[in-house]
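See below for the structure under consideration.
The values are calculated or read from the model by the stated rules, or taken from the named source; none is laboratory data. Just so it is clear, the structure is predicted and the values come from calculations on it, not from any experiment. Note that we place each Cβ from the backbone using ideal geometry, even for glycine, and neighbour counts take in every protein chain shown. We work out accessible area using only protein heavy atoms, side chains counted, and drop any ligands, DNA or RNA first. Shrake-Rupley method; radii C 1.70, N 1.55, O 1.52, S 1.80 Å.
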Amino acid sequence: MADSTVANRLADDAALDFVLALRRRWADTLYPHLREEFDAAVPGGGARDPLAIADAVHALPAYGWFAWLERGSQKMLWYAVGDAVKGSGAAVAASAASGPASVKLDPDLKLPAWYTDWDIHVQPGGIWRDDSSALTYELGAKLVMLGENDDYRFHHLLVETAVPQREYRRIVDLGCGFGKSTWPFKKMFPQADVIGIDFAAPCLRLAAQRANERGLAIEFRQANAAATGLEPASVDLVASTMFVHEVPVDVLPQVFAECARVLAPGGVLRFLDFQRTGDAFRDLAMMEHGARNNEPYMPPMLAADLVDMAQRAGLVNVRWTAFDERSAGRLGALSWPARSEWHFPWAVLEAEKPA
């Protein structure tokens, strides 16, 4: 039995290593090659509108390989991860209640169809069905980031570089998932009451378990980000990471209205997500990533005016600023350093509640 367990573990590790290597070559070799083909075929880059260059990009010799491998490797990823975590879900619920963190689930909360109808990220069954789904998401999230966020560094960078360093009474992290975006707030601001909010009960249970392992007193609540149930003017900082691109664009105004409602005067909003870069080739790749990665709300979000939405909700000093997840964090302007490999165009949406 022991030999069999070791063999299975080695096989799982080999499968994960293969998928990770495949995705890295897709990003650092195939994408730059596709870009070279485009630059040779369309000198000067053509139009600034990504949709206007779509036909030219789709006609490139390497495009079929690039598109197929993006979605194909994503499917391989989840199958490999699912095998690696199989049978581990039962331990999550048992340990989530032991420690300083807490979970508050809402048995009456109805998950909206826009959330349950898609296997987001191509993860079979989504992240909300059972505790194994949460563990699958946790491991898969590292591979999706090409193994470059194993210590969740860019979540710490957000807190260190994009959040005003002041005293906060209450911090709320929307779409917290299994807690990776929430832990840095409690570490940086230990005196604050920190609340993570998400739809997925399995992720919230796993978030509490991981917070307990870190000795972090965080409250995780199952709630709708557009109707949190929090008291008006009770929050000093509301944040999110990779959340708004997974919300329908017609729901986002409700999210901003809720943020404005719960923020205290002078409170701040910091949303780490993605934005268009102005490079049509780069932006087309990102828009099509949404389709190939089962993220249907990403392309509409990238085309929408979230600054206007936030302003209409009553927030001020609303702006996007670029973010470099490798080491610099917030860059202070909507301009990114040149990079040849495929990567997410990270940006921070910043706003304040009038004092």
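Filter the stretch 41-70 for residues that are without any contact (Cβ under 8 Å) to a residue 24 or more places away in the chain, surrounded by 13 or more Cβ atoms within 10 Å (Cβ to Cβ) and in a loop (DSSP other than H, G, I, E, B) and give the result. If the condition is that a residue be without any contact (Cβ under 8 Å) to a residue 24 or more places away in the chain, surrounded by 13 or more Cβ atoms within 10 Å (Cβ to Cβ) and in a loop (DSSP other than H, G, I, E, B), then VAL42 is the only one that fits. Sub-6 Å Cβ pairs linking a first residue in the stretch 106-132 that is more than 15 Å from VAL85 (Cα to Cα) to a second residue that is at pLDDT 95 or above and among the aliphatic types (A, V, I, L, M), at least 6 apart or interchain, are TRP128/ALA200, ordered by first then second residue.
Here is a yes/no grid of residues against (1) farther than 24 Å from ASP305 by Cβ; (2) open to solvent by 10 Å² or more (accessible area, probe 1.4 Å):
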{"residue": "ALA201", "(1), (2)": "yes, yes"}
{"residue": "ALA208", "(1), (2)": "yes, no"}
{"residue": "ALA211", "(1), (2)": "yes, no"}
{"residue": "ALA217", "(1), (2)": "yes, yes"}
{"residue": "PHE220", "(1), (2)": "yes, no"}
{"residue": "ASN224", "(1), (2)": "no, yes"}
{"residue": "LEU237", "(1), (2)": "no, no"}
{"residue": "GLU246", "(1), (2)": "no, yes"}
{"residue": "ASP250", "(1), (2)": "no, yes"}
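The set of residues from the stretch 17-40 being closer than 15 Å to PHE66 by Cβ, among the aliphatic types (A, V, I, L, M), modelled with pLDDT of 95 or more and open to solvent by 30 Å² or more (accessible area, probe 1.4 Å) comprises just one member, LEU30.
For GLN191, are the conditions met, namely being surrounded by fewer than 20 Cβ atoms within 10 Å (Cβ to Cβ), farther than 17 Å from VAL247 by Cα and out of contact with any Lys or Arg (no Cβ under 8 Å at 6 or more places or on another chain)? Break it down into steps so the answer makes sense when it comes.
Details: surrounded by fewer than 20 Cβ atoms within 10 Å (Cβ to Cβ): yes; farther than 17 Å from VAL247 by Cα: yes; out of contact with any Lys or Arg (no Cβ under 8 Å at 6 or more places or on another chain): yes.
For GLN191, the condition - surrounded by fewer than 20 Cβ atoms within 10 Å (Cβ to Cβ), farther than 17 Å from VAL247 by Cα and out of contact with any Lys or Arg (no Cβ under 8 Å at 6 or more places or on another chain) - is met.
Screening GLU295, GLU288, GLU325 for residues that are among the acidic types (Asp, Glu) and in contact with a strand residue (DSSP E or B) (Cβ under 8 Å, 6 or more places away or on another chain) leaves exactly one candidate, GLU325. Only helices (runs of 4 or more DSSP H) whose full extent lies in the stretch 80-175 are considered here, and the ones with at least 3 residues that are at pLDDT 90 or above and either open to solvent by 40 Å² or more (accessible area, probe 1.4 Å) or aromatic (Phe, Trp, Tyr) (or both) are 113-116, 153-162.
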